[in-house]
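Structure record follows, encoded as structure tokens.
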Amino acid sequence: MAAVTSFSFSALTHCSERKAAFPSTRFLGFNSAALRFRTNISYHYAGVGASNSTSKMIIQCMSSATDLPTVSETKYNFLKAYKRPIPSIYNTVLQELIVQQHLMRYKRSYRYDPVFALGFVTVYDQLMDGYPSDEDRDAIFQAYIRALKEEPEQYRIDAQKLEEWARAQNPTSLVEFSSREGEVEGILKDIAERAGGKGDFSYSRFFAVGLFRLLELANATEPAILDKLCAALNINKRSVDRDLDVYRNLLSKLVQAKELLREYVDREKKKREERTESQKANEAVSKCLGQSISFLASRH
């Protein structure tokens with residue numbers, strides 16, 4: 001019987017003074033074919049001076065060491081909030097991902113921003129695409145974000161707001177956000193200011209995916225547009241390029257994995273149907289024989 005043995009993320013977190021690595025390699029295995037791949041979500045942090053800017057859309061989370069929950073507590077909160085079983089191909093991802101996001105979430109320099117939220121929502125929706133129940137998929141999202149002591153509604157609202165804004169942009173207007181006024185423009189200007197050294201800014205691959213999603217929705221496919229957007233936001237273009245390569249590779253592997261999983265499920269379903277039909281046929285034969293025997297016995 002084919003089985004999904006594991007599917008995991010490995011995160012490498014960075015800060016300006018120290019580096020902690022969390023290496024992990026897993027395999028997604030099937031009877032007929034083995035699909036091996038390693039996926040990495042990295043979080044980079046740059047600690048800088050105190051910010052003078054404020055924004056209603058920005059939530060700053062600072063905690064002292066004594067206030068920090070443990071990884072076990074975060075995982076427990078997730079499992080307590082969502083008690084139904086999760087298929088292994090999804091559960092393995094979620095369990096490892098929540099560990100890595102916990103480590104990022106409780107860094108002293110961590111600061112939520114809507115582009116990060118858009119990136120996380122994009123990754124989550126890609127990972128959970130094809131989940132058996134839309135209702136359960138949303139409930140898992142709610143439990144996941146709340147386990148990290150954040151607001152899932154805020155993630156969804158911010159992601160939707162940025163998506164709607166990006167759809168109304170063209171490549172030129174997207175990168176010239178600083179010359180205009182507006183809610184999303186204000187968010188991007190605040191990010192550019194903090195990333196430029198005037199406040200706390202936490203770079204992550206979720207942030208890179210958020211940028212990618214903005215470009216995608218604005219139909220800004222030229223590589224030069226990404227160059228200009230990174231420059232406007234004071235983001236390291238080389239890091240974004242590297243992280244987007246990882247993301248694209250992840251999407252490719254996900255497509256392959258889910259296709260193999262669908263084929264396996266279809267085969268198993270067909271086998272169950274064949275067994276059911278065979279059982280029904282055997283029952284019909286047994287019933288017919290029983291009736292024949294009864295009929296013959298009654299003749300004597």
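The values are calculated or read from the model by the stated rules, or taken from the named source; none is laboratory data. Remember, predicted model here, so these are calculated numbers, not experimental data. Here the Cβ is made from the backbone with ideal geometry for all residues, glycine too, and neighbour counts use every protein chain on show. For the accessible areas, the whole protein counts, side chains as well, though only heavy atoms, and no ligand, DNA or RNA atoms are used. Shrake-Rupley method; radii C 1.70, N 1.55, O 1.52, S 1.80 Å.
Here are the numbers for the structure shown:
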{"quantity": "Nearest-10 value in Å² for the accessible area of Arg146, using the 1.4 Å probe", "calculated": "110 Å²"}
{"quantity": "Local electrostatic count, Val121, Cβ distance below 10 Å [Lys/Arg +1, Asp/Glu -1]", "calculated": "-1"}
{"quantity": "Net +/- balance of residues flanking Leu148 in space, Cβ distance below 12 Å, scoring K and R +1, D and E -1", "calculated": "+1"}
{"quantity": "Cα-projected label distance for Asn170 with Val265, points at 7 Å along beta-carbon direction, nm", "calculated": "4.2 nm"}
{"quantity": "Net charge of neighbours whose Cβ lies under 13 Å from the Cβ of Gln100, counting Lys and Arg as +1 and Asp and Glu as -1", "calculated": "+3"}
{"quantity": "Glu135-Leu251 pseudo-label distance in nm [points 7 Å out on the Cα-to-Cβ vector]", "calculated": "3.1 nm"}
{"quantity": "Given Lys161/Lys237; Lys161/Lys189; Lys107/Lys253; Lys198/Lys237; Lys107/Lys198, the pairs whose alpha carbons are separated by over 26 Å", "calculated": "Lys107/Lys253"}
{"quantity": "Mean projected area in nm² (Cα convex hull; one quarter of hull surface) for the range 153-199", "calculated": "3.7 nm²"}
{"quantity": "Sparse-neighbourhood loop sites, chymotrypsin sites (Phe, Trp or Tyr not before Pro) in the range 142-224 - DSSP loop, at most 16 other Cβ within 10 angstrom", "calculated": "none"}
{"quantity": "Hits among lysines - C-alpha to C-alpha of Lys83 under 23 Å, sequence gap 8 or more where chains match", "calculated": "Lys75, Lys149"}
